[in-house]
Amino acid sequence: MAPSDINSAPRSLPPFANQSLVLQIFDIAGKAGGEARIVGGAVRDWLAGISVGDIDMAVNMPIETFASDLEQAGLRVIHTGLSHGTITVLQDKTKIEVTHTRLDTETDGRHAKVSHSPDWLEDARRRDFTINAIYMNAAGALFDPLNGQADLQQGCLRFVGDADQRVREDALRMMRYCRFLYRFGHGNIDADALAALQRNADLAQNLSSERVRSEMELILVADGAATACNLMQTTGLAKAACDVDFNTHHLAPDDAPDRADWLIGLASIMPVGTTASLATRLRLSKSETRRLQAMDRDIDTALPDLAGDKWQQAAWFLGDDSAAIYAVKTRRAQARFSVTRWDELQSWVAPICPVTGADLLSHGVDNGPVCGEILIKLQKLWVASGFTLGKYDLLAKI
């Protein structure tokens, strides 16, 4: 079907695609003598019966020309990805990435130099997985040159063409394969993909911290995180990408409430004492590093166990990190995780100690380290009493 025929045909798009900005992109491309298609995750997820998120599109004309056409039509265009053949089109709260059909002219495992090619098949052959190389045109018809639909139905996650070549073009594809395996491959790894990951895992050392971190954030909160992390560990990808090995048996089940926090997942699988290494590799912020350090350290054995009856006394000293520390502590010890206790720790509002440093100074304690030490001792007495001792009871113990 010619582009003009597609754009004049009655629309039979699925609901996710039948929105104003998508239709405008279809129409503008057609009027310019080209064609636009939806491609990638949106088509894949729709076919798999999964809720569709962001929509990506491709157009078979040079992106600079198409960007100009979009702007002349009154649409806002961001040119930040122009060197990679990509622009972002915005309308109200809708954002769509549009990339011209292309082929790679040069790759180094981190970045690719691309050139425009009007050939849809060439564009499909440069994508990562067959299930991401399915296109939908303006009439809702599918273009599936690499049999991605069949792979999707059979639960087969395959690289496009030569698996080694695909991961050498961009090493992040190995981590993406691990993330997608559970959802789209039913956990059954393709033999060629496994061999490619094993042979090329070391290439992940060259990935930027930002790209590795972004992928780990997605992996650790997704269903099948254990499958993904186990594959990363067994192929050597974990060490290459994150600079540490993974203790994958420490990961929470898919339906556990603590799985929503990727840093809890990271603390659960990291070797004890590797916070500094991970903070550097993943470029964690100061607050993230502090949280990870809090979850990584051992809990003072003098404090009541968070899992015990006096959990509030333990939580008081641990502050806002108490629920996260409880989750990591139980996962690492492979002990029973109580959702009830997790909820209690999440919602508990710690009482305020009735004695302050100012109180000690007014009672003749010299300002300095001794004052701090006495305050800590009084806080421990107050906590041990179940938060019942009053201000004057505590000051009497100085």
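No lab work stands behind these numbers, since they all come straight from the coordinates. All values reported here derive from a predicted model rather than from experimental measurement. Neighbour counts run over all protein chains shown; Cβ positions are idealised from the backbone, glycine included.
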Given Cβ charges of +1 for Lys and Arg and -1 for Asp and Glu, the option among 374, 347, 390 whose Cα lies farthest towards the positive end of the dipole of the stretch 289-398 is 347
log10 I(q)/I(0) for the stretch 108-237, Debye formula on C-alpha points only (no solvent), q = 0.11, 0.12, 0.15, 0.18 Å⁻¹, two decimals, reads -0.39, -0.46, -0.72, -1.02
Per-residue ellipticity at 222 nm attributable to helices in the chain (runs of n ≥ 4 DSSP H, -39500 (n - 2.57) apiece, nearest 500 deg cm²/dmol) works out to -13500 deg cm²/dmol
For the chain, the charge dipole (Cβ of Lys, Arg +1; Cβ of Asp, Glu -1; about the Cα centre) points to a positive end, and the Cα of 362, 257, 308 closest to that extreme belongs to 362
Here, trypsin sites (Lys or Arg not before Pro) of the stretch 308-357 satisfying both criteria (DSSP loop; at most 13 other Cβ within 10 Å) are 336
Given unit charges at Cβ for Lys, Arg (+) and Asp, Glu (-), the dipole magnitude of the stretch 123-180 about its Cα centre in debye, nearest 20, is 140
If the label point sits 7 Å along Cα→Cβ of residue 223, residues of the stretch 248-267 with amide N under 18 Å come out as 252-261
Restricting to Cα pairs under 8 Å and 6 or more apart, the percent relative contact order of the chain works out to 9
The stretch 374-398 scanned against label point 7 Å out from residue 366 along Cα→C-beta; backbone N under 20 Å for 374-378, 398
In nanometres, the difference between 0.36 nm per residue of separation and the alpha-carbon distance of residue 150 and residue 285 is 44.3 nm
One finds the C-alpha centres of the stretch 211-271 and the stretch 122-176 to be spaced, in Å, by 24
Diffusion coefficient in µm²/s returned for the stretch 250-353 by Stokes-Einstein, Kirkwood Rh over C-alpha pairs, 25 °C and 0.890 mPa s, is 175
In nanometres, the difference between 0.36 nm per residue of separation and the alpha-carbon distance of residue 73 and residue 340 is 90.6 nm
Taking only the alpha-carbon positions of the stretch 302-389 as identical scatterers, the Debye log10 I(q)/I(0) at q = 0.17, 0.22, 0.25 Å⁻¹ comes out as -0.75, -1.02, -1.19
Given unit charges at Cβ for Lys, Arg (+) and Asp, Glu (-), the dipole magnitude of the chain about its Cα centre in debye, nearest 20, is 660
Expected max-MSF residue from 134, 28, 374 in the GNM of the chain (alpha carbon, under 10 Å) is 374
Quick calc, residue 27 & residue 198: beta-carbon distance into FRET formula, R0 35 Å, rounding 0.05, result 0.15
Projected area averaged over all directions for the convex hull of the alpha carbon atoms of the stretch 201-316, nm², comes out at 7.7
In nanometres, the difference between 0.36 nm per residue of separation and the alpha-carbon distance of residue 125 and residue 164 is 12.7 nm
With +1 at each Lys and Arg Cβ and -1 at each Asp and Glu Cβ, the charge dipole magnitude of the stretch 234-286 around its Cα centre, to the nearest 20 debye, comes out at 320
The number of Lys pairs in the chain whose alpha carbons lie under 15 Å apart, excluding pairs fewer than 8 residues apart on one chain, is 5
Note: the chain at 20 °C, 1.002 mPa s; Kirkwood Rh on alpha carbon pairs; Stokes-Einstein D in µm²/s works out to 87
Scalar couplings 3J(HN,Hα) for the stretch 308-321 by Karplus 6.51 cos²θ - 1.76 cosθ + 1.60 (θ = phi - 60°), nearest whole Hz, x for Gly and Pro, are x, 5, 9, 4, 5, 5, 5, 5, 4, 6, 8, x, 5, 8
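Divide the volume of the convex hull of the Cα atoms of the stretch 11-155 by its number of residues and quote the answer in cubic angstrom per residue.
It is 113 Å³ per residue.
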